[in-house]
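Structure first, then comments.
The values are calculated or read from the model by the stated rules, or taken from the named source; none is laboratory data. Fair warning: this is a prediction, and the values are worked out from it, not measured in the lab. We place every Cβ from the backbone using ideal geometry, glycine too, and count neighbours over all the protein chains shown. Ligands, DNA and RNA are excluded from the accessible area calculation, which covers all protein heavy atoms including side chains. Shrake-Rupley method; radii C 1.70, N 1.55, O 1.52, S 1.80 Å.
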Amino acid sequence: MFEIIGKIAESKIREAIEKGELKNLSGAGKPLNIDNMLFVPQEDRLAYSVMKNSGLVPSISSI
């Protein structure tokens with residue numbers, strides 16, 4: 001199932017690139033700010049978010 005979705009997404013992205021729809025995007029060339037909580041257990045995510053917003057959680061780059 002996920003393989004099919006991935007192929008569809010990749011096809012749509014390639015199509016957009018060919019049409020030039022992805023040129024001159026506002027964030028082009030800038031690093032992404034990814035707040036990935038994939039490895040935080042679901043039951044801890046709310047507490048993690050509160051602590052992170054309070055500056056009490058180290059950034060991933062410093063871990």
Query raised in the report: Out of all the residues in region 1-23, which are of a type in the set (G, A, S) and either assigned to a helix (DSSP H, G or I) or in contact with a strand residue (DSSP E or B) (Cβ under 8 Å, 6 or more places away or on another chain) (or both)?
Result: G6, A9, S11, A16
Query raised in the report: Among (1) modelled with pLDDT of 90 or more; (2) surrounded by 10 or more Cβ atoms within 10 Å (Cβ to Cβ), where does V40 come up short?
Result: (1)
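Might you check whether a residue that is on the phi > 0 side of the Ramachandran plot and open to solvent by 100 Å² or more (accessible area, probe 1.4 Å) occurs anywhere in region 2-25? Spell out the reasoning first.
Let us first name the residues in region 2-25 that are on the phi > 0 side of the Ramachandran plot, namely 20, 24.
Checking the rest, the ones that are also open to solvent by 100 Å² or more (accessible area, probe 1.4 Å) come to 24.
The answer is yes; a qualifying residue exists.
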Report summary line: Reported set for region 24-48 where residues are assigned to a loop (DSSP other than H, G, I, E, B) and among the hydrophobic types (A, V, I, L, M, F, W, C) is L25, A28, L32, I34, M37, L38, F39, V40
